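Just so you know, all these numbers are worked out from the coordinates, no wet-lab data involved. A quick note: this is a predicted structure, and the numbers were derived from the prediction, not measured. FYI the Cβ positions are ideal-geometry reconstructions off the backbone, even for glycines, and counts take in every protein chain you see.
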Amino acid sequence: MDPNLNKLQPYPFEKLRELFSNGTQNHELDNINLSIGEPKSPTPEFIKDAVRDNLDYLANYPKTKGELSLRTAIADWLLNRFSLPQSSIDPEQHILPVNGTREALFAIAQTLIDCDNNAKVLLPNPFYQIYEGAAYLAGAQPVYIDFTVINGEVPGIDQVSEHTWQQTQLIYICTPSNPTGDIIPLAIMQKLIKLAHQYDFVIASDECYSEIYTDENHPPQGLLQACAANGDDSYQRCLAFYSLSKRSNSPGLRSGFVVGDASIISQFLKYRTYHGSAMPVSTQIASTAAWSDESHVQVNRARYQQSFNFAIEEISKEIAIKQPQAGFYLWLPTPIDDEQFALGLYSQQNVTVLPGKYLARSVNNQNPGTNRVRIALVATPEECQTAAQRITTYIKSIR
């Protein structure tokens, strides 16, 4: 067996199940599960229809590179969404459809890492655990970086040593962040791009939450925009990952894409050809329809805004909290240990949330998730309101 498998920690939800095994559930109340970022709103009918109407393609092997029609729809979406130069996205060179960004974020490390060269992979802390597992199984050492934005700066970047930069082969960033909802400023992404060129590493920007935001006039900026602001329309050493899971309430569709540096995309395509990662044609057709429509995404954002309004109005009665810039998570500070808070809330109010320390690692004996819980506002607005009322009741009881 690969000895690196022994380095993998249990997934956060395994830890949560273990935690709850030591408590009791209040069966007098219906469970409201806000621990996992799985959208609960229905997938739009036109996406489901596109799958159903094209099931005959199950008789055909799909292309790993995907259909040109899908890559063209994605290119059009990127150009419009991020105001990129019209000639800067080539569907033939810059775009590769993937079966959900989770597998692509994992696989890119296996494609890029030279494990014979003391490779390091930088991760935000807290983070999506796939990044860590990808680093370990590629034979690299993960390095955890505080990506807290303070007055438009990210001091954690400046604390990385010269030696670490020299050994860095890949850095994962997540903007908007899971779990904090913070958006990395364009200037910081430009700074990272310059460091990537200086030290020859690749930036993998996980932008899966980019379409869930509060201000319709100021959507989150992305890595491709930072490249364009630097005058680079080849996106050298830069890759961005996008998904329909959150944007279009379609996590089961397993559909996303990676876009960026054509030379890396070419090698990633080679890897994925051997890996057997082609997206079914019916899924590609449904994805083409999804990326070509914005109206359902606007409806989705409005629903999340309603959920935030309900939740913040209730919880702020006991704990000062404000809406994050983007995403659908509340990164709630807790008056007691986060594990005990999650267990007590489950036992008393039958609401499931995720302890913050499960999403982070201790650096210098400090875990940035300590005394935080992640609350995924993925249920209906009414359920989110009920959950928030129960959370407030629980907080009162422990105070």
The chain: antiparallel DSSP beta bridges as a percent of all, rounded to 5: 50
MRE, 222 nm, helices only [DSSP H, n ≥ 4, -39500 (n - 2.57), over the chain, to nearest 500]: -12500 deg cm²/dmol
Added length on full extension, which subtracts the Cα-Cα distance from 0.36 nm per residue, Asn80 to Glu216: 47.5 nm
Per residue convex hull volume, Cα atoms of region 258-305, in Å³: 119
Spin-label pair Ala302/Thr148, simplified geometry with 7 Å Cα→Cβ offset, distance in nm: 3.8
For Glu132, Glu92, order by how many other beta-carbon atoms lie within 10 Å, fewest first: Glu92, Glu132
Total lysine pairs under 22 Å (Cα atoms) in region 45-293, excluding pairs fewer than 8 apart on one chain: 6
Option label - Cα extents along the principal axes in Å computed here, alternatives [x] 62, 48, 38; [y] 64, 46, 42; [z] 58, 54, 47: [z]
Degrees between helix 381-398 axis and first principal axis of the chain (Cα, 0 to 90, nearest 10): 50
Förster-model FRET efficiency, 45 Å R0, Gln366 and Gln267, C-beta, rounded to 0.05: 0.75
Length released on extending from Gln198 to Ile321, taking residue separation times 0.36 nm less the Cα-Cα span: 40.3 nm
Dipole of the chain, positive direction: furthest Cα of Ile113, Cys208, Phe241, with charges on the beta-carbon: Ile113
Extension reserve of the Thr380-Asn60 stretch, reckoned as 0.36 nm per residue once the Cα distance is removed: 111.4 nm
